[in-house]
Amino acid sequence: MGEVPPKRHTQFRAGDGTLLVEEVMGYEGFSGNESILYHLQSPCDVAEIGEFEPLVIDEWVPDTHVHRLTQTAPLQPLGDPVSGRRVLMFNDDVEMAICKPAADLDGFYRNGEGDEVIFVHEGSGVFETIFGTLPYGPHDYVVIPRGTTYRVRMDDGPQTWLTFHTPGEIETPDRYRNRYGQLLEHAPFSQRDFHPPASLETHGERGGSYELVVRARHGHQRFVLDYHPFDIVGWDGYVYPYSFNIHDFEPKSGRLHQPPTVHQTFQGPNFVICSFCPRNLDWDPLAVPIPYHHSNLQSEEVIYYVDGRFGSRAGVGAGALTLHPSGLPHGPQPGRVEASLGTTRTDELAVMCDTFRPLRLTALARELEDPGYALSWHGGARAPA
Ligand SMILES: [Fe+2]
């Protein structure tokens, strides 16, 4: 986007003759994906060094190991697009939070220790980033690579986001790609479904005061700049923020029930993110069109319910979050299998995150928990709807 010189690492000047500052932003030393950006001035330039505030997660260690249901719908708007992220579950690979930002960020933010995925349940607006402006709307996944300086301008109306932070990299699954990296024909999405920033605006403002918060070492380091940080004239490469709308995920059905694997959308280290979308169901006359019971021997399964009716359980509506942890089998609640027979279609919309290492919970998860859920398979305790 914008302008870049014909050869990298060569002199590149602005209209007034100023030599631009080239920055290579990349992963894995100089071996991973990278982009090259051209700044009006050095991105190292900070005018003031502010406080470092550690990020503290208020952990809850429950007394019991059971299936859990967390109702996030009652949460009220709070904070901004960063401070408003309220972590519910976490481990060393991923943090999952609900964010209902009440106000725009005052300054600019950069996650210096992880990639982010923001699933927009409700709301719209734009992510203004150093790579350009990325519009977002309902049911978009917004993927922001670490190192991206950004702020959010939200439209009016409610905003509800499910956010993920990982110290690893957010990727699409390897099995969807050919040996050159292009998405294969059988992948549930193609390159046209992924949207980079729509426009790039170069800010040359000098003077003034611009606050920048950088997440690093489990804390927020504050800086003050005396220039606008979106001073990019042009960039190219493979690292940039993008959006992908869940309705562009092409769901797969089979004659018999398909495993969650077919819903996989992203992968991170020791976790996956899957999209359950409206689709036709299994068409064999003897098919059972909802999941069989399964034992998560090595994974924890979190589902966030977005919209529609979820076939295998009652009592979960939009904003509900279930956790089926390792070591315990789970499956449809009493009566649901019988009720599902002959069903030809589902309108469920949900985001799942399976982690391969145990999840820890927060005090907020305790506060929002529905304590009856763990007994909901017992003796028809929760009559099927
Ligand atoms: Fe499951």
Roll a 1.4 Å probe over the protein heavy atoms and report the accessible area of Glu205 in Å², nearest 10. 80 Å²
Please label the shape of the range 273-338 as rounded, prolate or oblate, based on the square roots a ≥ b ≥ c of the eigenvalues of the alpha-carbon gyration tensor (a/c under 1.5 means rounded; beyond that, a/b larger than b/c means prolate, else oblate). oblate
Please give the net charge around Arg309, taking every other residue with its beta carbon less than 14 angstrom from that of Arg309, where Lys and Arg add +1 and Asp and Glu add -1. +1
Please give the per residue accessible area of the chain, computed with a probe of 1.4 Å over protein heavy atoms only, in Å². 47 Å²
Would you kindly state how much longer the chain becomes between Leu78 and Asp16 on full extension, computed as 0.36 nm times their sequence separation minus their alpha carbon distance, in nm to one decimal? 17.9 nm
Nearest 0.05, what FRET efficiency do Asp226 and His247 give at R0 = 35 Å with Cβ-Cβ as r? 0.20
With the radius of gyration and the Kirkwood radius both derived from the Cα set of the chain, what is their ratio Rg to Rh? 1.00
Label-point separation, Asp370 to Glu53 (7 Å along Cα→Cβ), nm: 3.4 nm
Calculate, in nm to one decimal, what Asn91 and Asp284 gain on full extension: separation in residues at 0.36 nm each, minus their alpha carbon distance. 65.5 nm
Cα→Cβ-extended label distance, 7 Å offset, between Asn178 and Ser190, nm: 1.3 nm
Going through the range 1-71, which trypsin sites (Lys or Arg not before Pro) have at most 15 other Cβ atoms within 10 Å and a DSSP loop state? Lys7, Arg8
Charge-dipole axis of the range 81-133 as Lys and Arg at +1 and Asp and Glu at -1 on Cβ define it, positive-most pick from Tyr109, Gly84, Gly132: Gly84
Apportionment of accessible area to carbon and sulfur, the chain, percent (1.4 Å): 52 percent
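The values are calculated or read from the model by the stated rules, or taken from the named source; none is laboratory data. Fair warning: this is a prediction, and the values are worked out from it, not measured in the lab. So basically every Cβ, Gly included, is an ideal-geometry build from the backbone, and we count neighbours across all protein chains shown. Surface areas here come from the heavy atoms of the whole protein model, side chains and all, with no ligands, DNA or RNA. Shrake-Rupley method; radii C 1.70, N 1.55, O 1.52, S 1.80 Å.
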